[in-house]
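Only one structure is covered here, and it is reproduced in the block below.
The values are calculated or read from the model by the stated rules, or taken from the named source; none is laboratory data. On a predicted model such as this, the values are computed, not experimentally measured, just so you know. Cβ: placed from backbone, ideal geometry, glycine included. Neighbour counts: every protein chain shown. Only protein heavy atoms, including side chains, enter the accessible area calculation; ligands, DNA and RNA are left aside. Shrake-Rupley method; radii C 1.70, N 1.55, O 1.52, S 1.80 Å.
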Amino acid sequence: MRQQLQLLLLTVLVMALGWFGYRLLFGEKKGSELVVVAAEKATVTRSSGIKADALSAGMVVEIQDTIRTGAEGSAQLRFGAGAGLVLSADGSMRILSADGSGLRVELEEGAVSARVRPGMAPLGITNRGRAVRATDADFTVMVDSAGGLSAVSERGALGLSGFGNVEDLKPGDVLRAVPEKEAVTAPAPEKLLLDVNWPEMVTTRSAEVVVEGKTDPYAMVIVGEGEQRIQMRADINGRFQASVPLKEGENGLELTVRDVMGREVVEKRKVNRDSTAPIVQGAEVVWGP
């Protein structure tokens, strides 16, 4: 009886050690969790898809969760000890995998800036069957609603797949890809382009004014002040157009453009709205209502 008890205890001990060893070697490590560092105007929809909860610091994001950021929102996440990413405003991404083999997310729209240090598992950003991967780099990937994609690496080379013959991206080069067209890479321009067609009228009766121009493809464009501020992304050709509402009196039209490399250009103009000013038609003065 005593020998049987000893044998049973030994069997239990061996099984416990085996389970611990398996978890140590193959189990998901806590260091492989994707954790929220900071969030503003961001939500997470769990894999069940029932509802969206506010994203907050310390929250663990799981496989198939979807993170969305609103206008002027952002979400900063850490993966393990040496990798992380930031989802910028008006963005959406779904977590595909986050374990010992690496982090992989599907960027549905918006921009993600990522960092992965040497010795860390790969970090990959995918979209519509295309993938940008890195094991030691600081880089940004941007996607628009039509499927256009742009990527740039500030440090470290990037591996690419799904872009035809383009299989890697050197630091300082920009990748641009449009559905049904060949992807191209080129050195990033030294200066951020901004060519704006400002409204010619300094004073107007109109309740809105149109500001249009050209900048770097997919750059973030913000125009206006306060509640009248409009935020958008330039298209694949870098063109943008915004109809900015005007309040009565003086309106500041501050235009800020930020590209995928984080470079920023700001221009300012002023437009005065006077809806009571007379309309001159020949020699006749017609007063407004």
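A compact table of results
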{"read-out": "Number of the condition not met by V116 [criteria: (1) at pLDDT 90 or above; (2) surrounded by fewer than 18 Cβ atoms within 10 Å (Cβ to Cβ)]", "value": "(2)"}
{"read-out": "Strands (runs of 3 or more DSSP E) fully within region 79-181 counting 1 or more residues that are closer than 19 Å to T69 by Cβ", "value": "83-87, 92-99, 102-116, 123-127, 137-143, 149-155"}
{"read-out": "Top-ranked residue of region 249-263 - restricted to ones that are more than 14 Å from I222 (Cα to Cα), at pLDDT 85 or above and not small (G, A, S), ranked as least open to solvent (accessible area, probe 1.4 Å)", "value": "N251"}
{"read-out": "Any hit, region 190-211, residues being at pLDDT 85 or above, touching a Leu at 6+ places or on another chain (Cβ under 9 Å), more than 23 Å from E109 (Cα to Cα) and among the basic types (K, R)", "value": "no"}
{"read-out": "Subset tally (residues that are in a strand (DSSP E or B) and either among the basic types (K, R) or in contact with a Phe, Trp or Tyr (Cβ under 7 Å, 6 or more places away or on another chain) (or both)) for region 216-257", "value": "4"}
{"read-out": "Residue in region 145-154 that is within 21 Å of Q76 (Cβ to Cβ), touching an Asp or Glu at 6+ places or on another chain (Cβ under 9 Å) and open to solvent by 70 Å² or more (accessible area, probe 1.4 Å) present", "value": "yes"}
{"read-out": "Of residues in region 38-74 being outside any loop (DSSP other than H, G, I, E, B) and under 14 Å from L103 (Cβ atoms), the one most open to solvent (accessible area, probe 1.4 Å)", "value": "V60"}
